[in-house]
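So the structure is just underneath, and the comments pick up after that.
No value in this document is a laboratory result; all are computed from the given coordinates. What you are looking at is a predicted structure, and each value in this text was computed from that prediction instead of being measured. Here Cβ is always computed from backbone atoms with ideal geometry, including for glycine, and neighbour counts include all displayed protein chains.
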Amino acid sequence: MNHNNTIVTPVMVKVYLQCPRQLWLSYKTWYKPVTQAMVYGKKIHEKIPWNEIAGKIGGSEVKSNVVLESERYGLRGVLDALVRVSEEWRPIEYKHQTVIGRPEKIQTTLYAILVEDTLGRPVTKAYIVTPVRIHHVKITGSLREKALRILEETVEVLEKPLPPLPRPSKLCKTCPFKNYCYI
Ligand code: SF4
């Protein structure tokens, strides 16, 4: 558990990496926007062929919408799917976009840490599935350390009384807070 008992999800850490101000506005204000992209994403998620994806990975069993919680790391989340490859259970995260970057990789690593802490067994690999390909993420010691450090930074932002300054980027165009971010 982090020092101030703030519970964080891997999704929150991904949002922090994309824009710390968006994280703060999303979780510390009353405004909870539901965008078209969110509604569309939910619909797509309901139709993901997990058995087919697990087959491509070489998995023998798959479970979807897995609730995970780690008191030790102050982390909780609902993992898209958990696939069994040989004797190892590995996380799968589904993304609608085709470009996968650092935020998605760190988010998936935190799911791997959650799985390890829940099952008490090491996770050596995780998967990020997009409409066009399956990305294999090797869960190394340094990636774990990086993800836990970023988790701490996320908690620090959430514990601040005021939001971080705006960080204009191409994400602002589709950000649900764009209309009053700069007020
Ligand atoms: S509009 Fe841009 S700077 Fe403001 S919260 Fe959204 S992404 Fe961040």
Could you let me know the centre-to-centre spacing of the stretch 55-86 and the stretch 134-183, using Cα atoms, in angstrom? 23
Within 10 Å of each residue's Cβ, count the other Cβ atoms and sort ASP80, ASP117 from fewest upward. ASP117, ASP80
Candidates per trypsin sites (Lys or Arg not before Pro) in the stretch 1-76, loop by DSSP, up to 12 other Cβ within 10 Å: LYS47, ARG72
Pick out, in residue order, every one of the trypsin sites (Lys or Arg not before Pro) in the stretch 84-183 that is DSSP loop and has at most 15 other C-beta atoms within 10 Å; say none if there are none. ARG133, LYS178
Using a 10 angstrom Cβ neighbour count of at most 13 plus a DSSP loop assignment to flag exposed chymotrypsin sites (Phe, Trp or Tyr not before Pro), which longest range of the chain is free of such sites? 32-179
What is the sum of charges, Lys and Arg at +1 and Asp and Glu at -1, for the other residues whose Cβ falls under 12 Å from the Cβ of GLU152? -2
Could you check which residue among GLN36, GLN107, GLN18 shows the biggest mean-square fluctuation in a GNM of the chain with a 10 Å Cα cutoff? GLN36
